[in-house]
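Visitor: Have a look at this one before I ask anything.
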Amino acid sequence: MELRMDGIGVVPQAGQTLLELIRDRGLDCDKLSCRPLAAKIAGEVFTLNYIPVRESDAQDRPTIRRAMEASQGEVHLLRYADEAGREVYQRTAQFVIFLAIRQLWPEAVAKISCTLGPSVYIQVENAVDFSVSALKARVETIVAEDIPLIRRRVSLESALDRYTREGQLDKARLLKYRSVDYFDEYTYGDFADYYYGEMAPSTAYVTVWDILPADGGFVLLYPDNENPDTLAKMPSMPNFFSVFSEGEKWCQLMECETVADLNELTESGRIRELIRVNEALHEKRYSQVADMICQRGARAVMLAGPSSSGKTTSANRLATQLRVHGKKPILMSLDDYYIDRDKIAPGPDGQLDLEHINTLDCDLFRQDMAKLLRGEEVELPTFNFKTGRREWRGHKMQLHENSVIIVEGLHALNPAMLPQDVEPNLIFRLYVSALIPLNLDNHNRIPTSYLRLLRRTVRDYETRNSSVQRTLSMWASVQRGERRWIFPYQENADVIFNSSTLYELAVIKKHIYPLLTAVEPEDPCYEQVRGMVKILNYVKGADVDDEIPPTSLVREFIGGNSFYR
C-alpha cells in the first residue's frame, strides 16, 4: 500500500514506523518549526512510533492498519503550528519535567495548576531544597539522553496496584472509574506516567523551553506559537492568576479538587450540596461586583468574555443584583453595532471574519456611549441577523439618575470601544470566563477551554439545531478570534468572574455524551471528539437537573434558564 505523507508518496515495509519513513524521505528537521511531532490519519492523531503496516504470521500477507485503510493512505504530519502538534509537544515537555522531579526529589508531589498564556504553572510540595536551577540542569540531561517514549499497555489492576504503592493516590483514585480493564502508560526506569493524548517519539524533541521560579513551584514556558524556534514571552497576568487561585480555594472549600472527588460526591449524593454551595458562591460574587459598581458610581458596565462563558446570564444576574441597590439596569449588546454584511471585506481565505473588530461600527458606538453618559437621548440600532443588515426601529434610550448600562459583547474590553473624553470611573469593566479548576489527576489538568466547548456543543445542538461536527468545525476559528480580540484585554478588567461550576461536568455528561460517541472515527472532527470523550469517560454522570436553579449559568446551556422564557 502506498502512503502519501504531506503529499509525498511512500511505500512502507511491514514493521516500519512513521518516524522511520519520515527520516527515509528526508522530512525530519532539527528546527521545531518544521519538525513533525505526530501524524493525523483519518481524523485521529497517532504517535510517530505508529506502524502503518504490521507484520503478520503469514509473512507474505502483512496487515494494513484500520486507520490507514480508512484514510486511503493519507497521512498528515503535525507540527507545532498545528494545535494538535502543540499539545503533543507540551505533553512531552511535561513528562520530562515530572521525570526530572521524580529523579531529584522522589518524595515530592508536583501538580499542574493552571495555564498562563504560553506557559503552565506547576506547584511543588515536599521537595526538600527545591531548586529551579537544579531542575533545569536535570531536564537538559534528560533531553540530551534522547530517551524513547514508548507507550505500553498494562492491566488496570497492576496499574492501580503500582500507583497506590508509589503514593500516587490521585491516579489510583481516578483509575477506579476507568471502564476498561487495561491502561496505557509511558515508563522510564521506575517512573511511570500517563497523558491523555499522544507524545513525541523521544525526549530529544523538547528543544525550546524554559523554567521560571514562582511562589510554591515554577512556571514551564513553551515556544512561541508564531515562531516555535524561540521562546514565548511570559505575560504578566496577576488578575487571571488571582482568579484561578480563588477557584482552587473554592475546590478546597467544597472538597472537590479532582474528577475523583466529583465522582465520590455524585455517588454519595452530596453533589446536591455541591450545587447549592457553588450557586451560592456565584450569587455572592455577583453581589460583590454590584457593590463595587455602585461604590464607584459607574454608569456603564462593559462585559466581555470568550464563547460560552455565560456572558448573557451574567449580565442578567448582575442586573438583578443592581436592582437590589435601587438601580435601573439597561441591557445592551455590541452585536447591534455590526456593520451590514455586504459592507465587510472578506479575508484572505474569502470568508467573512465576523469576530474581527472591524465588523463593528466602533465610531458609532463610542458616539452613542458618550452621549448616553452625558444624559442625552440616543436612538440605538438593531442588527437583523436574518437579513445581515442594521435596522433603525425607533429604539431610543436615555439614562436617568439610577440607570446603569450593561454592555455585553466580544470586544467590550477593547480600548477602541471606549470614548476618550469620558470620566474613567463611569466605566466598569467585567471579564467573564469559565476557568474550571478541576484536575483529572496531578499531572493531567482539564484545559480551560474544555468546559466552554462542551457548553457550546450542547447549546448549539439543543437551541440552534447545529450538529456536533458543525460546532467543532468552527471552534478553531472561534479560538483564533479569542486569542486575538479577547485574551489580550482580559487583564484590563476591573473584575474577572469565573463562571465555571465544579458540578457541571457530571450534569452535562448526559446531554453531550450520546452526541459525541455517535461520531465515527473517519469523521474529520473525530480527534477533537475523542479528546472530549477521554475526559468524560472518567466522569460519573449525575441526574440532578432538578437541583439547579433556573437562573444558574449552567441553565444557559442545558436549558431551563428563566432569563430566556
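Visitor: Could you let me know the centre-to-centre spacing of the range 481-497 and the range 175-216, using Cα atoms, in angstrom?
Guide: 31 Å
Visitor: Give the angle, between 0 and 90 degrees and rounded to the nearest 10, that separates the Cα long axis of helix 526-536 from the longest principal axis of the Cα atoms of the chain.
Guide: 80 degrees
Visitor: Quick one: helix 156-165 against the long Cα principal axis of the chain, what's the angle to the nearest 10°, folded into 0 to 90?
Guide: In the chain, helix 156-165 runs at an angle near 80 degrees to the longest axis.
Visitor: When the Cα centres of the range 79-124 and the range 263-279 are compared, how far apart do they sit, in Å?
Guide: Distance between centres, Cα-based: 31 Å.
Visitor: Still on this structure, I have one more. Check each of the trypsin sites (Lys or Arg not before Pro) in the range 141-222 and keep only those in coil by DSSP with at most 15 other C-beta atoms within 10 angstrom; list them in order.
Guide: LYS176, ARG178
Visitor: Next question. Summing Lys, Arg as +1 and Asp, Glu as -1, what charge do residues with Cβ under 9 Å from the Cβ of CYS251 carry, CYS251 excluded?
Guide: After counting each charged neighbour, the total is -3.
Visitor: Suppose every Lys and Arg Cβ carries +1 and every Asp and Glu Cβ carries -1, with no other charges. What dipole size does the chain come out with about its Cα centre, to the nearest 20 debye?
Guide: Dipole magnitude for the chain comes out near 1240 debye.
Visitor: What do the square roots of 5 times the Cα gyration tensor eigenvalues come to for the range 246-351, in whole Å, largest first, as semi-axes of the equivalent ellipsoid?
Guide: Those come to 35, 24, 11 Å.
Visitor: Still on this structure, I have one more. Percent of accessible area on the range 292-343 owned by carbon and sulfur, 1.4 Å probe?
Guide: The nonpolar share, carbon plus sulfur, comes to 45 percent.
Visitor: Give, as a single signed number, the net charge of other residues whose beta carbon lies under 13 Å from the beta carbon of ARG152, with Lys and Arg counted +1 and Asp and Glu -1.
Guide: In short, 0.
Visitor: Normalising by the residue count of the chain, find the relative contact order in percent from Cα pairs under 8 Å and 6+ residues apart.
Guide: Dividing the mean separation by the residue count of the chain yields 15 percent.
Visitor: Something else: Given a 1.4 Å probe, how much area per residue of the chain is accessible, in Å²?
Guide: That works out to 44 Å² per residue.
Visitor: Below 13 angstrom from the Cβ of VAL378, what's the summed charge of the other residues (Lys, Arg +1; Asp, Glu -1)?
Guide: Result for the local shell: -1.
Visitor: Let me ask something else about it. So which GluC sites (Glu not before Pro) in the range 356-454 are both in a DSSP loop and have at most 15 other Cβ atoms within 10 Å of their Cβ?
Guide: GLU376, GLU377, GLU401
Visitor: Still on this model: Return the percentage of antiparallel bridges among DSSP beta bridges fully within the chain, rounded to the nearest 5 %.
Guide: That works out to approximately 65 percent antiparallel.
Visitor: Moving on. Enumerate cysteines in the chain without a disulfide-compatible partner, where compatibility requires another Cys Cβ under 4.7 angstrom.
Guide: Cysteines of the chain left without a disulfide-compatible partner: CYS114, CYS251, CYS256, CYS294, CYS362, CYS525.
Visitor: Calculated from DSSP H runs of 4 or more alone, at -39500 (n - 2.57) each and per residue, what is the 222 nm mean residue ellipticity of the chain, nearest 500?
Guide: Result for the chain: -11500 deg cm²/dmol, rounded to the nearest 500.
Visitor: Moving to a separate point now. Taking 8 Å as the Cα distance limit and 6 or more residues as the minimum spacing, I'd like the relative contact order of the range 338-496 as a percentage.
Guide: RCO, the range 338-496: 22 percent.
Visitor: What order, most packed first, do the peptides 106-116, 89-99, 517-527 have when packing is the mean number of other Cβ atoms within 10 Å of each residue?
Guide: 89-99, 106-116, 517-527
Visitor: ³J(HN,Hα) across the range 461-471 via Karplus (A = 6.51, B = -1.76, C = 1.60, θ = phi - 60°), whole Hz, x for Gly/Pro?
Guide: Working through the residues one at a time gives 5, 6, 10, 10, 6, 9, 6, 4, 4, 5, 4 Hz.
Visitor: If I compute mean projected area of the Cα convex hull in nm² from the structure I just sent, which labelled value in (1) 31.8; (2) 22.8; (3) 28.1 lines up?
Guide: Evaluating mean projected area of the Cα convex hull in nm² on these atoms matches (3).
Visitor: For the range 355-448, state which trypsin sites (Lys or Arg not before Pro) are in a DSSP loop and have at most 13 other beta carbons lying within 10 Å of their beta carbon.
Guide: Those satisfying the criteria are ARG374, LYS386, ARG393.
Visitor: Ignoring any ligand, DNA or RNA, what whole percent of the accessible area of the range 1-140 comes from carbon and sulfur when the probe is 1.4 angstrom?
Guide: On the range 1-140, the fraction of accessible area on carbon and sulfur atoms equals 43 percent.
Visitor: A further question on this structure: Considering only C-alpha atoms, what is the centroid distance from the range 421-473 to the range 1-21, in Å?
Guide: 39 Å
Visitor: In degrees, nearest 10, range 0 to 90: what is the angle between the Cα axis of helix 83-104 and the longest Cα principal axis of the chain?
Guide: Approximately 70 degrees, to the nearest 10.
The values are calculated or read from the model by the stated rules, or taken from the named source; none is laboratory data. Because the structure is a prediction, the values reported are computed rather than measured. Counting neighbours? That spans all protein chains shown, and the Cβs are built from the backbone with ideal geometry, glycine included. Remember, those area values only see protein heavy atoms, side chains included, never the ligands or the DNA or RNA. Shrake-Rupley method; radii C 1.70, N 1.55, O 1.52, S 1.80 Å.
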